[in-house]
Each structure stands twice: as structure tokens, then as C-alpha cells.
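Engineer: First the structure, which I've put down as C-alpha cells, then a few questions once you've had a look.
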Amino acid sequence: WKCETCPFEKSGVSGTVDAGVANVSDRSAKFGEFSGLDRKGAQVFGGADVRYQGAGSHFGSLVADSDVGVLKGQFGREGLYTLRLGYASTPHNVSDEGITPFPGGRGADLTLPAGFRANTSAAMPLASSLHSVEIGTTRSRYDAGLSFNTGPNWTHSLTLRRDVRDGTQRMGGSFFATSAQLVAPVDQVTNQLQVSTHYTRARMQASLGYQVSLFTNGNAGLVWSN
């Protein structure tokens, strides 16, 4: 007996690919807070969902979406191994209308220009020294994984992940009774490793795993002129 309507994958390549153009009428960090559509003008978008099924039990897939900044794929052989790779990028746009007297506004050593040693704000050269600064971060994730079998009961897996977060964020600083709003740089990296082994039988299951997570901050401190 053969099911004529069962959705079995046929050998070969199948899937969809799409592309388009969008237009943003005005610049707005809030409108594109998590989508990246914070710039005025036309932008090109694209995506793909492609699958491969080989005659010798090999398989593969590729998924891409520029709207959300995702690219991932996998390749393997049924019942033996699977290799996975992935990338994702997520923006968080907070403001594109920030101003700061600190030149550049992105470094970890914020030095005020000449003329700010004044008794009142009116005496400071704000009109000639304020700089525009964008506030927001981007989180990028890199993934890699491998799973394979060494017998009818054993399955092993290895996963690597790297998260990178960079950009700028708002931060408050104080010196006794004097306070200031600062634009602080963000440079953070998190690396994760996970290794596991699984044993499965009809009446018993067992797993053994190890996981480590390492966080590093590229800016250990922030120095600013008071």
C-alpha cells in the first residue's frame, strides 16, 4: 500500500526565494527600534527558504530573511549526523537625536573641550561644541552545532554560540552633588559551549552534559570630565 497524498520530500532542491523594495518616508529611531528601518529612503529586502533532499539520505536546508537579519542552514545524513550554522542580528535603536559636548561621544574616555571650566551653563560654549550622537546597540549571534550518532542508542552533540553586543547607551554619572548624562560605549561578548551525550533504550534514558559561559566587557570603566 502506498499513500498517494502523503507530503514526503522528493529528491532534489525545492523552496522559495523572494525579494522586494520598501520605502521609509522619514528618519525615526522609534519606528525602526528593532527592525532596522530607522533610515529615510528605499531599502531592498530578500529572503529564501530552500531545502535539499538527496537520494542517499542526505539532506540540507537554508533559511534567510533580511527583514529580521537571520541566516541559518543545516546539512547532514539521516540517522548519522547533522551540522548546523546560523547568524542573527537584532538592532535596538533608542534615539537618533542625541547631542553631547564630548567630542565623538563614543569613547570610554570622555573629555570636555576648552571653555567648559565655567561657573554657569550660559558661559559654556554649547552652541559651538555640541555633537550629534546616535544611541542604540546591535546584538549579533553566531551559532554552530554538530550532532551525530555512534550506534543505535548513542547520540552526541556539540554547540558553540557567540553573542556580540556593541553600540552606545545612556548612563548617568555623578561627582558629589554634580550629575551628568553620558553616552557610554557598549562592547560586550558572551561565548558559550555545550557538550552532551545521550543514551536511549526502550526502558531507560540517560544524559550527561557540560556547559560553560564566558562574558567579557571591552570597556572596564568610563572616565569623563566633570
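The values are calculated or read from the model by the stated rules, or taken from the named source; none is laboratory data. Because the structure is predicted, anything quoted here is derived from the model rather than measured. With ideal geometry, Cβ positions are generated from the backbone for all residues, glycine too; neighbour counts draw on all protein chains shown. Only protein heavy atoms, including side chains, enter the accessible area calculation; ligands, DNA and RNA are left aside. Shrake-Rupley method; radii C 1.70, N 1.55, O 1.52, S 1.80 Å.
Engineer: Counting only C-alpha contacts under 8 Å and six or more residues apart, can you give the relative contact order of the stretch 1-121 as a whole percent? Let's see the in-between values first.
Structural biologist: Working: 200 pairs, mean separation 23.2, N = 121.
It comes to 19 percent, rounded to a whole number.
Engineer: Explain nothing, just the number: dipole magnitude of the chain about its Cα centre with +1 on each Lys and Arg Cβ and -1 on each Asp and Glu Cβ, in debye rounded to the nearest 20.
Structural biologist: Details: 20 positive and 18 negative charges, 126 e Å.
The dipole of the chain has a size of about 600 debye.
Engineer: In Å, what is the Rg of the alpha-carbon atoms in the chain, and how long is Dmax?
Structural biologist: Considering the chain through its Cα atoms, Rg and Dmax are 25.9, 92 Å.
Engineer: Using just the Cα positions, wrap the stretch 184-223 in a convex hull and report its mean projected area in square nanometres, one decimal place.
Structural biologist: Numbers: hull surface 15.1 nm².
So the mean shadow area of the Cα hull is 3.8 nm².
Engineer: Considering only protein heavy atoms and a probe of 1.4 Å, how much of the accessible area of the stretch 42-92 is carbon and sulfur, as a whole percent? Write down the numbers at each step before the final one.
Structural biologist: Values: 1840 of 2910 Å².
Accessible surface attributable to carbon and sulfur in the stretch 42-92 totals 63 percent.
Engineer: Can you give the convex hull volume of the alpha carbon atoms of the stretch 124-182 per residue, in Å³? Provide the component values of the computation, followed by the final result.
Structural biologist: Working: hull volume 7.1 nm³, N = 59.
Measuring per residue, one finds 120 Å³ for the Cα hull of the stretch 124-182.
Engineer: Contact order normalised by length for the chain, with contacts defined as Cα pairs under 8 Å and 6 or more residues apart; what percent is it? Let's see the in-between values first.
Structural biologist: Details: 511 pairs, mean separation 31.0, N = 226.
Relative contact order comes out at 14 percent.
Engineer: Among the aspartates and glutamates, which fall within straight-line cross-link reach of Lys40, defined as a Cα-Cα distance under 14 Å, with same-chain neighbours fewer than 8 residues apart omitted?
Structural biologist: Within the straight-line limit of under 14 Å, Lys40 reaches these aspartates and glutamates: Asp26, Asp96.
Engineer: Here's something else I'd like to know. Over the Cα atoms of the stretch 94-218, what Rg and Dmax result, in angstrom?
Structural biologist: 25.0, 81
Engineer: In the calculated pair distance distribution of the stretch 41-118, what percentage of Cα-Cα distances lie above 16 Å? Don't skip to the answer; put the middle values down first.
Structural biologist: Numbers: 2141 of 3003 pairs.
Value for the stretch 41-118: 71 percent of Cα pairs lie more than 16 Å apart.
Engineer: Please report the relative contact order for the stretch 1-64, taking Cα pairs under 8 Å with a sequence separation of at least 6, and give it as a percent rounded to a whole number.
Structural biologist: Values: 98 pairs, mean separation 21.7, N = 64.
Answer for the stretch 1-64 is 34 percent.
Engineer: Suppose R0 equals 30 Å; then what is the FRET efficiency for Asp166 and His58 from their Cβ-Cβ distance, rounded to the nearest 0.05?
Structural biologist: The calculated FRET efficiency here is 0.20.
Engineer: Would you mind telling me the share, in percent, of accessible area of the stretch 105-178 contributed by carbon and sulfur at probe 1.4 angstrom?
Structural biologist: 54
Engineer: For the stretch 1-81, run through the GluC sites (Glu not before Pro) and keep only the ones in DSSP coil with at most 14 other Cβ atoms within 10 Å of their Cβ.
Structural biologist: Answer in residue order: Glu4, Glu9, Glu78.
Engineer: Exactly which chymotrypsin sites (Phe, Trp or Tyr not before Pro) in the stretch 170-224 are in a DSSP loop and have at most 12 other Cβ atoms within 10 Å?
Structural biologist: Phe176
Engineer: Under a 1.4 Å probe, what is the accessible area of the chain per residue, stated in Å²? Before the final figure, lay out the partial values.
Structural biologist: Values: 15440 Å² over 226 residues.
About 68 Å² of surface per residue is accessible.
Engineer: If you don't mind, another one. Mean residue ellipticity at 222 nm from the helices of the chain, using -39,500 (n - 2.57) per DSSP H segment of n ≥ 4 over the full residue count, to the nearest 500 deg cm²/dmol?
Structural biologist: Working: 1 runs with 4 residues, N = 226.
Here the helix-only value at 222 nm equals 0 deg cm²/dmol.
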